[in-house]
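Structure, as C-alpha coordinates:
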Amino acid sequence: MEAFLMRRGSTEAESSGVTSKDVTAAKAHVLKGKQTITSDSNDAVVEGTMKDWTHAGQKEVPVTDDGKDTGGFGVVYEVGDAVYNGIWVHVPEGYWPYKTDGSAELKLPIADVRNVLNIDPNLFLKTATIAGISGNINNYSGQTRSLSGYENVSLQPHPVDPSQGLVSAKFVSGAGYFDGTSIATCNVANLNAGNIKHGVKVGRTTLAGHGADDTNTITGTYTSDGTVTAADVRKGKIAYSKGQKVTGSMSEKAAATYTPRSTAQTIAAGQYLAGAQTIAGDANLIAANIKKGVTIFGVTGTWEGYVPTVNDLYSYGNQLVAWKGNSSVVFDTAQIRLTSGSYIETSSEVNLVGKTQLNVLFNAESTNESSFMVATADYGSNSIGLGGHACVDGEQTAVFPLANAQVNKKIRITCNNIGYRYIKRIWLS
(Lines give C-alpha, C1' and ligand atoms only; values in the text may rest on other atoms or scores of the structure.)
Protein backbone atom coordinates (compact mmCIF):
# COMPACT_ATOMS: atom_id res chain seq x y z
CA MET A 1 0.00 0.00 0.00
CA GLU A 2 1.39 3.39 -0.89
CA ALA A 3 1.92 5.77 2.02
CA PHE A 4 1.89 9.49 1.86
CA LEU A 5 1.92 12.55 4.06
CA MET A 6 -0.98 14.90 4.20
CA ARG A 7 -0.65 18.63 4.54
CA ARG A 8 -3.64 20.01 6.40
CA GLY A 9 -5.17 23.11 5.01
CA SER A 10 -8.05 25.36 6.01
CA THR A 11 -10.11 23.88 3.27
CA GLU A 12 -10.24 20.60 1.49
CA ALA A 13 -8.82 22.19 -1.64
CA GLU A 14 -5.74 23.42 0.30
CA SER A 15 -4.97 19.94 1.66
CA SER A 16 -2.63 17.67 -0.42
CA GLY A 17 -0.32 14.62 -0.01
CA VAL A 18 3.57 14.28 -0.23
CA THR A 19 5.27 11.23 -1.72
CA SER A 20 8.94 10.15 -2.30
CA LYS A 21 8.71 11.76 -5.67
CA ASP A 22 8.16 15.13 -4.05
CA VAL A 23 11.45 15.22 -1.99
CA THR A 24 15.17 15.24 -2.87
CA ALA A 25 16.70 14.23 0.47
CA ALA A 26 17.80 10.63 0.66
CA LYS A 27 18.19 8.58 3.83
CA ALA A 28 21.91 9.46 3.91
CA HIS A 29 20.93 13.10 4.17
CA VAL A 30 18.78 12.59 7.29
CA LEU A 31 20.24 12.18 10.80
CA LYS A 32 20.18 8.71 12.18
CA GLY A 33 17.23 8.40 14.66
CA LYS A 34 15.10 10.84 12.68
CA GLN A 35 12.25 9.61 10.46
CA THR A 36 10.71 10.99 7.31
CA ILE A 37 9.80 10.17 3.75
CA THR A 38 12.96 10.31 1.61
CA SER A 39 13.65 10.13 -2.06
CA ASP A 40 14.83 6.55 -1.65
CA SER A 41 12.11 5.35 0.89
CA ASN A 42 9.44 4.42 -1.70
CA ASP A 43 6.92 6.74 -0.05
CA ALA A 44 7.48 5.05 3.32
CA VAL A 45 8.57 6.88 6.46
CA VAL A 46 12.08 5.69 7.26
CA GLU A 47 14.95 6.51 9.67
CA GLY A 48 17.85 8.52 8.35
CA THR A 49 21.33 7.01 8.10
CA MET A 50 23.50 10.17 8.55
CA LYS A 51 25.70 9.72 11.61
CA ASP A 52 25.21 12.37 14.24
CA TRP A 53 28.50 13.38 15.80
CA THR A 54 26.80 15.76 18.19
CA HIS A 55 28.29 15.55 21.72
CA ALA A 56 30.60 12.78 20.59
CA GLY A 57 33.64 14.75 21.73
CA GLN A 58 36.78 15.65 19.74
CA LYS A 59 37.20 13.11 17.01
CA GLU A 60 40.53 11.67 15.87
CA VAL A 61 40.86 11.03 12.14
CA PRO A 62 43.77 9.33 10.32
CA VAL A 63 46.30 11.21 8.20
CA THR A 64 48.05 9.26 5.44
CA ASP A 65 49.96 9.86 2.25
CA ASP A 66 47.81 7.55 0.13
CA GLY A 67 46.59 10.32 -2.12
CA LYS A 68 43.62 12.57 -2.49
CA ASP A 69 40.91 10.18 -1.37
CA THR A 70 42.22 9.53 2.16
CA GLY A 71 44.35 12.63 2.69
CA GLY A 72 48.14 12.83 2.54
CA PHE A 73 51.23 14.98 1.96
CA GLY A 74 52.44 16.07 -1.44
CA VAL A 75 50.56 16.91 -4.62
CA VAL A 76 47.07 16.18 -3.47
CA TYR A 77 44.67 18.23 -5.55
CA GLU A 78 44.49 20.48 -8.57
CA VAL A 79 42.42 23.54 -9.40
CA GLY A 80 42.64 24.37 -13.07
CA ASP A 81 46.36 24.44 -13.96
CA ALA A 82 47.46 25.22 -10.42
CA VAL A 83 48.87 22.45 -8.26
CA TYR A 84 48.72 22.77 -4.46
CA ASN A 85 50.63 21.03 -1.70
CA GLY A 86 49.19 20.27 1.68
CA ILE A 87 47.86 17.67 4.09
CA TRP A 88 44.54 16.12 3.25
CA VAL A 89 42.41 14.56 6.01
CA HIS A 90 39.63 12.06 5.40
CA VAL A 91 36.66 13.18 7.52
CA PRO A 92 33.86 10.57 8.01
CA GLU A 93 30.46 11.53 6.75
CA GLY A 94 27.99 12.77 9.25
CA TYR A 95 26.69 15.69 11.16
CA TRP A 96 29.39 17.72 12.99
CA PRO A 97 27.77 20.45 15.10
CA TYR A 98 30.42 20.02 17.80
CA LYS A 99 31.20 23.67 18.55
CA THR A 100 28.59 26.22 19.49
CA ASP A 101 29.50 28.37 16.51
CA GLY A 102 28.58 25.52 14.19
CA SER A 103 32.16 24.61 13.18
CA ALA A 104 33.71 21.20 13.58
CA GLU A 105 36.96 20.43 15.42
CA LEU A 106 39.15 17.53 14.35
CA LYS A 107 42.11 15.93 16.10
CA LEU A 108 44.90 14.69 13.83
CA PRO A 109 47.02 11.84 15.24
CA ILE A 110 50.47 13.36 15.90
CA ALA A 111 52.30 10.23 14.80
CA ASP A 112 50.57 10.39 11.42
CA VAL A 113 51.53 14.07 11.02
CA ARG A 114 55.22 13.29 11.79
CA ASN A 115 55.30 10.58 9.21
CA VAL A 116 53.63 12.64 6.53
CA LEU A 117 55.76 15.76 7.11
CA ASN A 118 59.00 13.77 7.47
CA ILE A 119 60.10 16.00 10.34
CA ASP A 120 63.91 15.97 10.89
CA PRO A 121 64.93 17.34 14.31
CA ASN A 122 68.45 18.00 12.94
CA LEU A 123 67.05 20.78 10.80
CA PHE A 124 65.67 23.15 13.47
CA LEU A 125 66.63 24.67 16.80
CA LYS A 126 66.33 22.92 20.13
CA THR A 127 64.13 25.78 21.25
CA ALA A 128 61.51 24.90 18.61
CA THR A 129 58.96 22.04 18.64
CA ILE A 130 57.17 20.76 15.55
CA ALA A 131 54.45 18.10 15.87
CA GLY A 132 55.72 17.24 19.30
CA ILE A 133 59.36 16.87 18.15
CA SER A 134 62.06 19.19 19.57
CA GLY A 135 64.92 20.29 17.33
CA ASN A 136 68.54 19.21 17.80
CA ILE A 137 70.36 22.37 16.60
CA ASN A 138 72.13 24.37 19.32
CA ASN A 139 71.39 28.08 19.38
CA TYR A 140 74.67 30.03 19.76
CA SER A 141 73.15 33.44 19.28
CA GLY A 142 75.01 35.92 21.52
CA GLN A 143 77.58 33.26 22.53
CA THR A 144 81.32 32.73 21.96
CA ARG A 145 82.20 29.26 20.74
CA SER A 146 85.50 27.59 19.89
CA LEU A 147 85.52 26.17 16.39
CA SER A 148 88.19 23.52 16.82
CA GLY A 149 91.44 22.40 18.34
CA TYR A 150 94.94 23.04 16.99
CA GLU A 151 95.00 19.91 14.85
CA ASN A 152 91.89 20.96 12.91
CA VAL A 153 93.13 24.40 11.77
CA SER A 154 94.78 24.94 8.38
CA LEU A 155 96.60 28.12 7.27
CA GLN A 156 97.41 28.67 3.61
CA PRO A 157 98.31 31.55 1.28
CA HIS A 158 95.21 33.21 -0.08
CA PRO A 159 94.57 31.88 -3.61
CA VAL A 160 93.65 35.34 -4.96
CA ASP A 161 95.23 38.01 -2.74
CA PRO A 162 98.87 37.24 -1.78
CA SER A 163 98.77 39.89 0.97
CA GLN A 164 96.19 37.83 2.85
CA GLY A 165 96.17 34.43 4.51
CA LEU A 166 93.42 31.82 4.36
CA VAL A 167 92.39 30.10 7.63
CA SER A 168 90.30 26.93 7.47
CA ALA A 169 88.89 25.35 10.64
CA LYS A 170 86.76 22.28 11.18
CA PHE A 171 83.95 22.80 13.68
CA VAL A 172 84.28 20.00 16.25
CA SER A 173 82.82 21.44 19.43
CA GLY A 174 79.13 20.99 18.48
CA ALA A 175 77.29 22.28 15.45
CA GLY A 176 74.75 25.01 15.93
CA TYR A 177 73.11 28.20 14.78
CA PHE A 178 75.28 31.36 14.57
CA ASP A 179 74.04 34.86 13.88
CA GLY A 180 75.49 38.37 13.89
CA THR A 181 75.80 38.33 17.69
CA SER A 182 77.74 35.05 17.78
CA ILE A 183 81.54 34.83 18.01
CA ALA A 184 83.51 31.85 16.68
CA THR A 185 87.10 31.24 17.82
CA CYS A 186 89.83 28.78 16.88
CA ASN A 187 93.30 28.02 18.19
CA VAL A 188 96.27 28.48 15.81
CA ALA A 189 99.51 26.94 17.07
CA ASN A 190 102.58 29.26 17.23
CA LEU A 191 100.57 32.33 16.14
CA ASN A 192 101.93 34.80 18.70
CA ALA A 193 103.77 38.12 18.75
CA GLY A 194 107.13 36.48 19.48
CA ASN A 195 106.98 34.55 16.20
CA ILE A 196 106.02 37.55 14.06
CA LYS A 197 108.50 40.05 12.65
CA HIS A 198 108.76 43.16 14.78
CA GLY A 199 106.22 45.80 13.79
CA VAL A 200 104.20 43.58 11.46
CA LYS A 201 100.50 43.42 12.28
CA VAL A 202 98.72 40.12 11.63
CA GLY A 203 94.95 40.21 11.28
CA ARG A 204 94.64 43.75 10.06
CA THR A 205 92.71 44.06 6.81
CA THR A 206 92.08 46.78 4.26
CA LEU A 207 89.40 44.88 2.38
CA ALA A 208 86.37 46.94 1.39
CA GLY A 209 83.80 47.13 4.16
CA HIS A 210 86.09 45.73 6.83
CA GLY A 211 87.84 48.88 8.00
CA ALA A 212 91.60 49.26 8.44
CA ASP A 213 92.50 49.78 12.09
CA ASP A 214 94.63 47.98 14.67
CA THR A 215 91.73 46.48 16.59
CA ASN A 216 92.05 42.77 17.37
CA THR A 217 95.45 42.36 15.68
CA ILE A 218 98.73 40.81 16.79
CA THR A 219 101.77 43.07 16.45
CA GLY A 220 105.05 41.21 15.99
CA THR A 221 107.91 41.58 18.49
CA TYR A 222 110.43 39.13 16.98
CA THR A 223 113.91 40.70 16.50
CA SER A 224 116.23 37.75 17.05
CA ASP A 225 117.16 37.63 13.35
CA GLY A 226 118.60 41.16 13.47
CA THR A 227 122.22 41.74 12.38
CA VAL A 228 122.42 45.51 12.83
CA THR A 229 125.24 47.02 14.92
CA ALA A 230 125.74 50.55 16.25
CA ALA A 231 127.99 51.38 13.28
CA ASP A 232 125.16 50.45 10.90
CA VAL A 233 122.72 52.96 12.39
CA ARG A 234 122.81 56.73 12.00
CA LYS A 235 124.25 58.52 14.99
CA GLY A 236 121.65 59.11 17.69
CA LYS A 237 119.03 56.86 16.11
CA ILE A 238 117.71 53.72 17.86
CA ALA A 239 117.17 50.24 16.50
CA TYR A 240 116.62 46.77 17.94
CA SER A 241 118.56 43.63 17.14
CA LYS A 242 118.32 40.20 18.75
CA GLY A 243 116.07 41.68 21.40
CA GLN A 244 118.59 44.38 22.35
CA LYS A 245 118.41 48.14 21.95
CA VAL A 246 121.04 49.53 19.58
CA THR A 247 121.99 53.24 19.57
CA GLY A 248 123.56 54.34 16.29
CA SER A 249 127.16 55.58 16.09
CA MET A 250 127.60 55.95 12.33
CA SER A 251 129.81 58.92 11.47
CA GLU A 252 128.27 61.74 9.45
CA LYS A 253 129.59 64.02 6.75
CA ALA A 254 128.22 67.50 6.25
CA ALA A 255 127.58 69.08 2.87
CA ALA A 256 130.69 69.61 0.77
CA THR A 257 131.74 70.72 -2.72
CA TYR A 258 134.56 69.02 -4.63
CA THR A 259 136.50 70.69 -7.43
CA PRO A 260 138.04 68.21 -9.88
CA ARG A 261 141.81 68.04 -9.91
CA SER A 262 144.59 65.86 -11.25
CA THR A 263 144.20 63.28 -8.45
CA ALA A 264 141.06 61.46 -7.26
CA GLN A 265 139.10 62.69 -4.25
CA THR A 266 137.34 59.94 -2.27
CA ILE A 267 134.32 60.12 0.03
CA ALA A 268 135.02 57.48 2.65
CA ALA A 269 132.59 54.60 3.09
CA GLY A 270 130.70 53.82 6.30
CA GLN A 271 129.37 57.32 6.94
CA TYR A 272 126.04 59.07 6.65
CA LEU A 273 125.91 61.95 4.18
CA ALA A 274 124.06 64.56 6.21
CA GLY A 275 124.29 67.12 3.44
CA ALA A 276 124.58 67.27 -0.32
CA GLN A 277 127.94 66.27 -1.77
CA THR A 278 128.52 68.44 -4.85
CA ILE A 279 131.07 67.74 -7.57
CA ALA A 280 131.81 71.11 -9.18
CA GLY A 281 131.39 71.48 -12.91
CA ASP A 282 132.92 73.93 -15.38
CA ALA A 283 131.23 75.21 -18.50
CA ASN A 284 134.63 75.34 -20.20
CA LEU A 285 135.02 71.56 -20.03
CA ILE A 286 134.24 71.05 -23.69
CA ALA A 287 136.07 69.30 -26.51
CA ALA A 288 136.96 72.59 -28.24
CA ASN A 289 138.95 73.69 -25.18
CA ILE A 290 140.97 70.46 -24.89
CA LYS A 291 143.94 69.48 -26.99
CA LYS A 292 142.99 67.07 -29.73
CA GLY A 293 143.28 63.44 -28.60
CA VAL A 294 143.47 64.31 -24.89
CA THR A 295 140.58 63.14 -22.67
CA ILE A 296 139.72 65.02 -19.47
CA PHE A 297 136.85 63.69 -17.30
CA GLY A 298 135.39 61.81 -20.23
CA VAL A 299 135.67 64.72 -22.71
CA THR A 300 138.07 64.13 -25.60
CA GLY A 301 139.64 67.28 -27.01
CA THR A 302 139.37 68.45 -30.59
CA TRP A 303 141.41 71.69 -30.40
CA GLU A 304 144.37 71.89 -32.78
CA GLY A 305 145.25 75.58 -32.57
CA TYR A 306 147.21 77.67 -30.09
CA VAL A 307 146.49 81.03 -28.57
CA PRO A 308 149.47 83.39 -28.71
CA THR A 309 150.27 85.88 -25.93
CA VAL A 310 151.49 89.48 -26.15
CA ASN A 311 155.07 88.26 -25.66
CA ASP A 312 154.90 85.75 -28.54
CA LEU A 313 156.99 86.51 -31.65
CA TYR A 314 156.01 83.26 -33.37
CA SER A 315 153.46 80.63 -32.25
CA TYR A 316 152.64 77.46 -34.17
CA GLY A 317 152.37 79.10 -37.55
CA ASN A 318 151.19 82.49 -36.27
CA GLN A 319 153.80 85.22 -37.02
CA LEU A 320 153.20 87.91 -34.41
CA VAL A 321 156.09 89.76 -36.01
CA ALA A 322 157.17 89.10 -39.60
CA TRP A 323 159.94 86.54 -40.11
CA LYS A 324 162.04 85.71 -43.13
CA GLY A 325 164.80 83.22 -43.85
CA ASN A 326 167.35 82.06 -46.40
CA SER A 327 166.60 79.55 -49.14
CA SER A 328 166.93 76.43 -46.93
CA VAL A 329 164.20 77.57 -44.52
CA VAL A 330 160.68 76.18 -44.91
CA PHE A 331 157.70 77.95 -43.26
CA ASP A 332 155.18 75.13 -42.66
CA THR A 333 151.60 75.52 -41.45
CA ALA A 334 152.45 75.18 -37.74
CA GLN A 335 156.28 75.24 -37.61
CA ILE A 336 159.50 76.56 -39.19
CA ARG A 337 161.95 73.95 -40.50
CA LEU A 338 165.71 74.72 -40.47
CA THR A 339 168.69 72.62 -41.43
CA SER A 340 172.45 73.14 -41.40
CA GLY A 341 173.28 76.68 -42.48
CA SER A 342 169.69 77.89 -42.21
CA TYR A 343 168.74 81.09 -40.44
CA ILE A 344 165.66 83.18 -39.81
CA GLU A 345 165.34 86.80 -38.76
CA THR A 346 162.65 89.34 -37.99
CA SER A 347 161.78 91.77 -40.73
CA SER A 348 161.67 94.62 -38.22
CA GLU A 349 163.22 95.57 -34.92
CA VAL A 350 161.97 94.05 -31.69
CA ASN A 351 161.91 95.96 -28.38
CA LEU A 352 164.01 93.91 -25.96
CA VAL A 353 163.98 96.54 -23.20
CA GLY A 354 162.64 95.15 -19.93
CA LYS A 355 162.79 91.51 -21.13
CA THR A 356 164.98 88.98 -19.39
CA GLN A 357 165.26 86.18 -21.94
CA LEU A 358 164.45 84.93 -25.39
CA ASN A 359 162.83 81.47 -25.52
CA VAL A 360 162.73 79.08 -28.48
CA LEU A 361 160.63 75.87 -28.34
CA PHE A 362 161.73 73.40 -31.00
CA ASN A 363 162.09 69.75 -31.86
CA ALA A 364 165.48 68.41 -33.08
CA GLU A 365 166.35 65.25 -34.92
CA SER A 366 169.58 63.71 -36.30
CA THR A 367 171.70 66.12 -34.24
CA ASN A 368 175.49 66.05 -34.09
CA GLU A 369 176.66 68.51 -31.47
CA SER A 370 174.74 71.17 -33.35
CA SER A 371 173.51 74.37 -31.68
CA PHE A 372 171.44 77.44 -32.28
CA MET A 373 173.50 80.64 -32.43
CA VAL A 374 171.31 83.61 -31.64
CA ALA A 375 172.47 87.21 -32.34
CA THR A 376 170.94 90.49 -33.29
CA ALA A 377 170.55 90.90 -36.98
CA ASP A 378 173.00 93.68 -37.18
CA TYR A 379 176.34 92.63 -38.47
CA GLY A 380 179.74 93.76 -37.66
CA SER A 381 180.50 95.80 -34.61
CA ASN A 382 176.80 96.56 -33.93
CA SER A 383 175.69 92.96 -33.48
CA ILE A 384 175.05 91.57 -30.04
CA GLY A 385 175.56 87.87 -29.44
CA LEU A 386 173.02 86.23 -27.16
CA GLY A 387 174.72 82.83 -26.78
CA GLY A 388 174.22 79.34 -28.13
CA HIS A 389 172.26 76.20 -27.25
CA ALA A 390 173.57 72.65 -27.71
CA CYS A 391 170.81 70.54 -29.26
CA VAL A 392 169.69 67.01 -28.44
CA ASP A 393 167.16 64.86 -30.18
CA GLY A 394 163.53 65.55 -29.20
CA GLU A 395 161.49 68.51 -28.03
CA GLN A 396 163.34 71.17 -25.97
CA THR A 397 163.42 74.84 -25.13
CA ALA A 398 166.51 77.03 -25.71
CA VAL A 399 166.81 80.00 -23.34
CA PHE A 400 168.94 83.05 -24.21
CA PRO A 401 169.54 85.81 -21.56
CA LEU A 402 168.85 89.40 -22.61
CA ALA A 403 170.67 91.21 -19.82
CA ASN A 404 173.21 92.63 -22.28
CA ALA A 405 170.67 93.34 -25.01
CA GLN A 406 168.25 95.96 -23.65
CA VAL A 407 167.83 97.53 -27.10
CA ASN A 408 165.59 97.62 -30.16
CA LYS A 409 167.15 95.19 -32.63
CA LYS A 410 166.25 92.65 -35.25
CA ILE A 411 166.71 89.07 -34.10
CA ARG A 412 168.47 86.36 -36.10
CA ILE A 413 168.44 82.64 -35.23
CA THR A 414 171.03 80.47 -36.96
CA CYS A 415 171.18 76.66 -37.18
CA ASN A 416 174.69 75.23 -37.21
CA ASN A 417 175.84 71.73 -38.22
CA ILE A 418 173.75 68.84 -39.50
CA GLY A 419 170.20 67.80 -38.54
CA TYR A 420 166.74 69.35 -38.69
CA ARG A 421 165.25 71.86 -36.28
CA TYR A 422 161.46 72.39 -36.15
CA ILE A 423 160.70 75.64 -34.38
CA LYS A 424 157.24 75.67 -32.73
CA ARG A 425 157.28 78.86 -30.73
CA ILE A 426 159.46 81.95 -30.07
CA TRP A 427 158.62 84.31 -27.21
CA LEU A 428 160.05 86.85 -24.81
CA SER A 429 159.82 86.78 -21.06
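The values are calculated or read from the model by the stated rules, or taken from the named source; none is laboratory data. Not measured: the values here are computed from a predicted model. Positions of Cβ are backbone-derived with ideal geometry, glycine not excepted, and every protein chain shown enters the neighbour counts. The area values use the complete protein model at the heavy-atom level, side chains included, leaving out ligands, DNA and RNA. Shrake-Rupley method; radii C 1.70, N 1.55, O 1.52, S 1.80 Å.
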message = Is the C-alpha gyration tensor of region 274-429 telling us rounded, prolate or oblate? Criteria: a/c under 1.5 is rounded; beyond that, a/b larger than b/c is prolate, otherwise oblate.
response = prolate
note = Regression test value, accessible area per residue of region 379-419, probe 1.4 Å, units Å², expected 54
request  = Please give the FRET efficiency for Ser429 paired with Tyr258, using the beta carbon to beta carbon distance and R0 = 30 Å, rounded to the nearest 0.05.
outcome  = 0.30
Contour minus Cα-Cα distance for Lys237 and Ser340 (0.36 nm per residue) = 29.1 nm
request  = Would you grab the residues whose amide H sits under 5 Å from the one on Val330? Only those 5+ places off in sequence or on another chain, please, with H modelled 1.01 Å from N.
outcome  = Arg337
task = Using label points projected 7 Å from each Cα along Cα→Cβ, tell me how many nm separate Leu166 and Ser366, to one decimal.
result = 9.4
note = Under 5 Å from the placed amide H of Gln164, counting only residues 5+ away or on other chains, we find His158
ask   = If you take the beta carbon distance between Leu320 and Leu273 as r and set R0 to 45 Å, what does 1/(1 + (r/R0)^6) give as a FRET efficiency, to the nearest 0.05?
value = 0.30
key: Violating pairs (Cα-Cα greater than 30 angstrom) within the set Lys201/Lys253; Lys201/Lys237; Lys126/Lys201; Lys253/Lys292   = Lys201/Lys253; Lys126/Lys201; Lys253/Lys292
query = Once label points are set 7 Å from the Cα along Cα→Cβ at both Asn359 and Asp332, what is their separation, rounded to one decimal in nm?
reply = 2.2
note = Taking 0.36 nm per residue of separation between Ser381 and Asn284 and subtracting their Cα-Cα distance, the length gained on full extension comes to 29.7 nm
query = How much length, in nm to one decimal, is gained on full extension between Thr397 and Asn136, taken as 0.36 nm per residue of separation minus their Cα-Cα distance?
reply = 82.2 nm
remark   = Charge tally for neighbours of Val321 with beta carbon under 14 Å away, counting Lys, Arg as +1 and Asp, Glu as -1, is +3
note = With a 1.4 angstrom probe the carbon and sulfur portion of accessible area for region 227-361, in percent, totals 52
task = Give me the net charge of Gly220's neighbourhood, meaning all other residues with Cβ under 9 Å from the Cβ of Gly220; Lys, Arg count +1, Asp, Glu -1.
result = +2
